[in-house]
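Single-structure report; data block below.
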Amino acid sequence: MRTTTKVLAGVAVTALAAAGVAAVVNYRRGQQPDPAEHAHLDELDARLRVADEPDPATPPGRIARILDNLQRNQGISVGRLRGWIAGMRQGTLSDEQATLAESDFDALEREADQGGV
């Protein structure tokens, strides 16, 4: 059961990161996130918030390990990912920032897909 839950968590992070990429692509086209993309961004933001503020009584999970790898290997922090989400919601990302956001979410997707979760 625990292995299944961990696998599903990994699939969820991969899917949410892919949704983040799609949302940024649409943002760059001048479109606001549709309701499904908005819901995926909310879920991704919630997971990032939990990972950013871990419960000290609970050992780090697979998502935390993915995010640690992303920070260590590519310099992409949880705060930066959450900032991209906030910027898309507020419509304040420049073209350059949107390009970086797309790249960061793509890196998160790859990291999660490669078995980090």
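The values are calculated or read from the model by the stated rules, or taken from the named source; none is laboratory data. What you are looking at is a predicted structure, and each value in this text was computed from that prediction instead of being measured. Cβ atoms come from the backbone with ideal geometry, glycine included; neighbour counts cover every protein chain shown. Surface accessibility is based on the protein's heavy atoms, side chains included, excluding ligands, DNA and RNA. Shrake-Rupley method; radii C 1.70, N 1.55, O 1.52, S 1.80 Å.
Computed values, structure above
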read-out: Any pair with Cβ under 7 angstrom, 6 or more apart, that starts in segment 85-105 at a residue that is farther than 15 Å from A19 by Cα and ends at one that is open to solvent by less than 10 Å² (accessible area, probe 1.4 Å); value: L93/G87; L93/A101; Q97/G87
read-out: Inter-residue pairs, beta-carbon under 7 Å, first over 14 Å from I85 (Cβ atoms) and open to solvent by 30 Å² or more (accessible area, probe 1.4 Å) and in segment 19-36, second hydrophobic (A, V, I, L, M, F, W, C) and in a helix (DSSP H, G or I), 6+ apart; value: R28/A98
read-out: Matching residues in segment 37-53 - criterion: being within 17 Å of T14 (Cα to Cα) and open to solvent by 40 Å² or more (accessible area, probe 1.4 Å); value: H38, A39, H40, D42, E43, R47, R49, V50
